[in-house]
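Reviewing the structure listed below.
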Amino acid sequence: MTHTDLPDGPRVDPGAWELAEQAEVVAYNQVFPGSADQVQDVRATLEKVLAGCPMADDAVLIASEMATNALLHSRSREPGGSFTVRAEIHPDDYLWLEVEDGGGPWTEHPRVDGRGHGLKIVAALSSDWGVEGDELARVVWARFDWPGL
């Protein structure tokens with residue numbers, strides 16, 4: 001299997017999707033500092049990485065939600081914290097997306113302010129999704145099956 005890694009950081013080639021047509025798998029991996037202003041960078045970077053991918057819009061929205069959750073609900077938000085965004089494009093099969101956070105206690109609180117529906121968005125837009133990990137690190141992932149399959 002050919003596996004093409006896209007460069008880490010904001011230097012992502014805007015033509016990254018063309019790599020998928022030549023390679024079996026295109027992978028993207030980037031560590032972001034644990035601050036709220038990074039969510040817009042996650043969106044902007046993934047828009048470039050996934051340009052032309054049929055599930056790009058949904059994946060960017062979900063990555064934004066996952067990154068926000070990492071910053072709100074994990075140790076990623078602590079000084080020196082970070083979170084990692086990964087995407088793999090398996091052309092004509094599926095898109096895999098995940099965000100790894102800094103872990104911490106997993107507690108669900110009922111929301112009376114209308115918030116707290118982010119994972120419902122993930123469930124509604126993805127083909128499958130899940131949460132794995134513990135207090136040391138947690139990964140929230142989503143799979144998007146290729147349209148028409």
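Values in this text are rule-based calculations from the coordinates and carry no lab data. Since we're looking at a predicted model, the values are computed, not measured. Counting neighbours? That spans all protein chains shown, and the Cβs are built from the backbone with ideal geometry, glycine included.
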request  = Net charge near Ala59: determine it from the other residues with C-beta under 14 Å of the C-beta of Ala59, scoring Lys and Arg +1 and Asp and Glu -1.
outcome  = -4
Rg/Rg_globular for region 37-101, with Rg_globular taken as 2.2 N^0.38 Å and Rg from C-alpha atoms = 1.13
For Lys48, Lys120, order by how many other beta-carbon atoms lie within 10 Å, fewest first = Lys120, Lys48
inquiry  = Explain nothing, just compute: Karplus ³J(HN,Hα) = 6.51 cos²θ - 1.76 cosθ + 1.60, θ = phi - 60°, for every residue of region 124-136 in order, whole Hz, x for Gly and Pro.
reply    = 6, 9, 9, 6, 7, 7, x, 10, 9, x, 8, 5, 7
query = What order do you get for Arg138, Arg143 when you list them from fewest to most C-beta neighbours inside 10 Å?
reply = Arg143, Arg138
inquiry  = Sort Val49, Val139 by Cβ crowding within 10 Å, fewest neighbours at the top.
reply    = Val139, Val49
